[in-house]
Amino acid sequence: MILTGCQTAFYKERPAKDDSRTTQPVPVPETSEHPMVPAKPEAQTKPPADTHTITIREQTIQTPAHQDGLLVLGINETATLPNLNLKMEAKLDTGAENSSVDAREIQFFERDGKKWVRFELHRTSKGTELMELPLKSVTRIKRPGLPSVERPIVMMTITIGDITQSVPVSLTDRSNYESPLLIGRSFMQDLAVIDVNQKHIATKTVISSNNRKALVPVTQKSYTRAIIKPVSIKGLVTVGAVEHMTLPDADTVLKARIDTGALTSSIDARDMEFFEKDGQDWVRFRLANSTGDLISMQEPVTRFVRIKRHGEEPERRPVITLNASIGDILVPTQFTLRSRENYEFPALIGARFLEKRALVDVSREYTSDTKQP
């Protein structure tokens, strides 16, 4: 009935059928909204809105990662000394118990009956700064084959990412080291894990930025678009500050310190003798395992390295390659050979073993053991 009504209303002025050949039909207005009369295509096309070209700035923002509630730090981070309003480049070193900083021109003095230390703090965000801090203690550093040295210890508040700690820091000349600040285990304990594969991941950071043009309505303004990219630690296992390392070809197990401050791993080799075999350098030595037994071994020399020691002549050490495993990690590993008789651990695992394989949690030990030997 409604349809009939619409038709009736629409055709009420139409001529009779017999006159249709002589009488022109009444034209339908183009703006008609009658449901039975479709609008012409011209009526659906509106003139385009006014447009203009804007710049869209796209920024990729890296956000920090956490592992079991612990902040993931890279091998290098920017550290803030908030009490001193300074920033310094820092290296995270799981092989060191305490932190150290590049301090020179060190002088001791007394103030109000207490011992203080005055020094130049080098390579800060403000250049070289003269500092005066209370002296906490003096430590004696033992160096195999070298005379021991004394280093003053002060307390410093250090911030990396969302971690702020007041920790003991030794004052020493670090002019031969890339980073003026070294962060030891006492700062990381129970708060952070270390990923040697990455750098500067502790804070939200813009890692890339680019601009592109777009044609938009005049009401739209230029803007910045953020692309969030969390730090990835996918596929990495976690090892502790100390692990049992197996040398399957030598059928022996060594206790090893995990040391992100060293690139190349090291094992306790004694009574070394060099010889030539098939035109290649070889080395014969005795390997001290975790029980104190000495195992005779001979291996081809992969290369030699020159170790720089502050104030002393460089030392030339042989490097060999052995299969080494910690937990499920099994990889050919280069080891420098040296006597570690005066060290607590007969083996040291450096950063190259950890690359793309593991995070280091200094608050744990022997994480890879199903059963300790």
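Is the shape of the stretch 282-366 best called rounded, prolate or oblate, per the rule: a/c under 1.5 gives rounded, else a/b larger than b/c gives prolate, else oblate, with a ≥ b ≥ c the square roots of the Cα gyration tensor eigenvalues?
Details: a/c = 1.42, a/b = 1.28, b/c = 1.11.
Rounded is the answer for the stretch 282-366, as its axis ratio a/c remains below 1.5.
Quantify, in whole percent, the carbon and sulfur part of the accessible surface of the stretch 48-109 (1.4 Å probe; protein heavy atoms only). Don't skip to the end; give the middle numbers.
Working: 1210 of 2780 Å².
Ligands and nucleic acids excluded, carbon and sulfur give 44 percent.
How much of the accessible area of the stretch 227-287, in percent, comes from carbon and sulfur atoms when a 1.4 Å probe is used? Intermediate values should be presented prior to the final figure.
Working: 1430 of 3020 Å².
Whole-percent figure for carbon plus sulfur exposure: 47.
Scan the stretch 262-335 for trypsin sites (Lys or Arg not before Pro) in coil per DSSP, keeping those whose Cβ has at most 13 other Cβ atoms within 10 Å, and list them by number. Can you show the working numbers first?
Numbers: sites: R270, K277, R284, R286, R303, R306, K308, R309, R316; in loops: K308, R309.
Passing sites in the stretch 262-335 are K308, R309.
Where does the charge balance sit around P318 when Lys and Arg score +1, Asp and Glu -1, over other residues with C-beta under 15 Å from its C-beta? Walk me through the numbers before you get to the answer.
Values: positive: R270, K277, R284, R286, R303, R306, R316, R317, R338, R340; negative: D268, D271, E273, E276, D281, E299, E315.
Taking every other residue near P318 into account, the sum is +3.
Going down the list K136/K199; K204/K356; K199/K356; K87/K126, which pairs span over 20 Å between their C-alpha atoms? Mind dumping the intermediate values first?
Values: K136/K199 31 Å; K204/K356 22 Å; K199/K356 13 Å; K87/K126 8 Å.
K136/K199; K204/K356, as the Cα separations exceed 20 Å there.
Distance between the C-alpha centers of the stretch 52-98 and the stretch 216-290? Whole Å please.
Here the answer is 22 Å between Cα centres.
The values are calculated or read from the model by the stated rules, or taken from the named source; none is laboratory data. The structure displayed is predicted, hence computed values, not measured ones. Glycine gets a Cβ as well: all are built from the backbone with ideal geometry, and neighbour counts include every protein chain shown. Only protein heavy atoms, including side chains, enter the accessible area calculation; ligands, DNA and RNA are left aside. Shrake-Rupley method; radii C 1.70, N 1.55, O 1.52, S 1.80 Å.
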